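Here is the structure we will look at.
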Amino acid sequence: MKGRHAKIGVSTGSRSYVQVPGCSTACATGFKARQCRHGDRKKSERKSSVRHYHNMEIHSFRIAALALSCASLLAAQPVDDTKVKQVIILGRHGVRSPVVDNSTLNNFSTQPFPVFSVPGVSNLTVNGATNETILGGYFRLWLTQEGMLTGKDSADASSVYFRANNGQVIIDTAKAFWAGLLPGASMNIDFYPQQDSDPLFSPVAAGIAQIDEQMAVAAVRGRLGDSEQSLTTAYGPELALTRSILFNYPASQTPAPAAPAGKLDVTTIPIAITDSASPVSIGGLGTVVIAIDPFVMEYADGMPAADVGWGQLTAGGISQITRLYNLALDLEYRTPYLAAVQSSNLASHIVRSLVQAATGNVMTGALANPSTKVIMLMAANTNITGLAGLLRLDWILPGYPPDTAAPGGALVFELRQSQSTGEYLVRTSYVTQTMDQLRNQTGLTLTAPPATGPVFIPGCSVRNATFDCSLASFVRVASRAIDSGSVDLMN
């Protein structure tokens, strides 16, 4: 921690020290209050015995207050004596080409969209693969530090389980991540044939879960007060910025110009929640997402500034526009009913895998085997958003709007065991490269890591710095959220 916060972790022998702001020495359990001095106070001449007494009294109060601060901080930040037993990483694919071709995109803009480094739609770019390998290399360093890997890749591969959803961009991302994590081992990545649906990631399409379409529409509309068009007001600035970029005029221009002849103004298509698509149709908002999706990828892929929103978008502008993308994902995957149906199977397999690793006993519905140390699940932002909605997880990291499932970003679940009590804990975090780390293909190390934030699990986490949750509590909270009718017990 920086600035005015306490610095935790200085240790000598068996004592744990906390450096408190205003103290020139460390405070430790058993230290007397007088050993914590309040900075370098400037001594003033004693004018009178009365003033001297007064100063001493103030000094005593300060000493007492600082001693209490030391004791409070020590009580609030116990020494972390846990060791990792298993790590589950749920990642999103890396930077890719747009989800529709340029002939479609160009209907939405006055200028032609730039061409990516790879042909076709929704394919991992060259730089996207490079960044994913960089991220895999960072996890290699971290997992080695935590004792999950040894650096002997072929041997380590036997305790690592990789599974990818079967879209090509996701499979290619998993391969690039593997190349960073285990560069010396032959790749072994599980995925379903592309004509089939993997029930872990697509339980509705696989027939494991079933959406009640009327309930889905009602659940989403209910979050909007049955007034979908209110979103056009709530997100007016984001829609206005989107329109100005697509039609090439300053966002500050008033009145805004009319749409160019022959071009579709995606910001005017009504937002209507209907059951014409799975999980639901979000009307014009879905078309807006298609139109703005390339902007994030252009910046993250390292395109020249003149090609990022045709030179009109900075990282800050992209972050603002991303709020529209996140809104669509939130409605379709974080809405409680839809999260329960679409994400319960994934949640169930994650929970069962953690229990299997803790008990050492094979458990139906778990992934890999009890001795597996690392489980890597490569999927899409829909999977991360849905699981986060199911468990009510939130995060915010520099440069991104809240709860953004960024390209290559991952939810990480660590199963840890206390060495003093034997208790198993679950520690959750969100890890992602920043937009500039992606754009610049920045190397990552333990001292120069990706953006990382601890994630609080409501009803489960305790008030320590990493929001740990006992495994028993995690199982209880997850069990309440999981819809048992949308779960299979297959591995």
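Within region 309-322, which residues are over 18 Å from Pro401 (Cβ atoms) and in a helix (DSSP H, G or I)?
Scanning region 309-322 gives Trp310, Gly311.
Any idea how many residues of region 355-370 are closer than 15 Å to Leu489 by Cα, assigned to a helix (DSSP H, G or I) and in contact (Cβ under 8 Å) with a residue 24 or more places away in the chain?
Looking only at that region, the number is 1.
Could you grab me the full set of residues in region 272-331 that are of a type in the set (Gly, Ala, Ser) and out of contact with any helix residue (DSSP H, G or I) (no Cβ under 7 Å at 6 or more places or on another chain)? Steps first, answer last, please.
Step one: list which residues in region 272-331 are of a type in the set (Gly, Ala, Ser), which gives 272, 276-278, 281, 283-284, 286, 291, 300, 302, 305-306, 309, 311, 315-317, 319, 328.
If the condition is that a residue be of a type in the set (Gly, Ala, Ser) and out of contact with any helix residue (DSSP H, G or I) (no Cβ under 7 Å at 6 or more places or on another chain), then Ala272, Ser276, Ala277, Ser278, Ser281, Gly283, Ala306, Gly316, Ser319 are the ones that fit.
Keeping to region 381-420, report how many residues are part of a helix (DSSP H, G or I) and either surrounded by 19 or more Cβ atoms within 10 Å (Cβ to Cβ) or touching an Asp or Glu at 6+ places or on another chain (Cβ under 8 Å) (or both).
10
Of all residues in region 145-157, which are at negative phi and either part of a loop (DSSP other than H, G, I, E, B) or among the aliphatic types (A, V, I, L, M) (or both)? Give the derivation first.
Just the residues of region 145-157 that are at negative phi, to begin with: 145-146, 148-150, 152-157.
Listed by number, the residues that qualify are Glu146, Met148, Leu149, Thr150, Lys152, Ala155, Ala157.
Residues of region 158-176 being part of a helix (DSSP H, G or I) and touching a Ser or Thr at 6+ places or on another chain (Cβ under 7 Å), which ones?
Across region 158-176, the qualifying residues are Ser159, Val169, Ala176.
Got at least one residue in region 322-339 being out of contact with any Gly (no Cβ under 7 Å at 6 or more places or on another chain), aromatic (Phe, Trp, Tyr), closer than 30 Å to Glu298 by Cα and surrounded by fewer than 24 Cβ atoms within 10 Å (Cβ to Cβ)?
Yes, region 322-339 contains at least one residue that is out of contact with any Gly (no Cβ under 7 Å at 6 or more places or on another chain), aromatic (Phe, Trp, Tyr), closer than 30 Å to Glu298 by Cα and surrounded by fewer than 24 Cβ atoms within 10 Å (Cβ to Cβ).
I need the full set of residues from region 466-490 which are loosely packed, with under 12 Cβ neighbours inside 10 Å and either touching a Lys or Arg at 6+ places or on another chain (Cβ under 9 Å) or at pLDDT below 95 (or both), in order please.
Met490
Here's a check for you: in region 177-218, which residue that is over 26 Å from the mean Cα position of the chain (by Cα) and part of a helix (DSSP H, G or I) is surrounded by the most Cβ atoms within 10 Å (Cβ to Cβ)?
Filtering first and then ranking leaves Val217.
Mind telling me which of the residues Thr442, Thr447 ends up being touching an Asp or Glu at 6+ places or on another chain (Cβ under 8 Å), among the β-branched types (Val, Ile, Thr) and assigned to a loop (DSSP other than H, G, I, E, B)?
After applying the criteria, what remains is Thr442.
For region 425-454, which residues satisfy the criterion of being touching a strand residue (DSSP E or B) at 6+ places or on another chain (Cβ under 9 Å) and surrounded by fewer than 21 Cβ atoms within 10 Å (Cβ to Cβ)?
Within region 425-454, Ser429, Thr434, Pro449, Ala451, Thr452, Gly453, Pro454 qualify.
The values are calculated or read from the model by the stated rules, or taken from the named source; none is laboratory data. Note that the coordinates shown come from a computational prediction; the quantities given were computed from them, not determined experimentally. Reconstructed Cβ throughout: ideal geometry from the backbone, glycine too, with neighbour counts over all protein chains shown.
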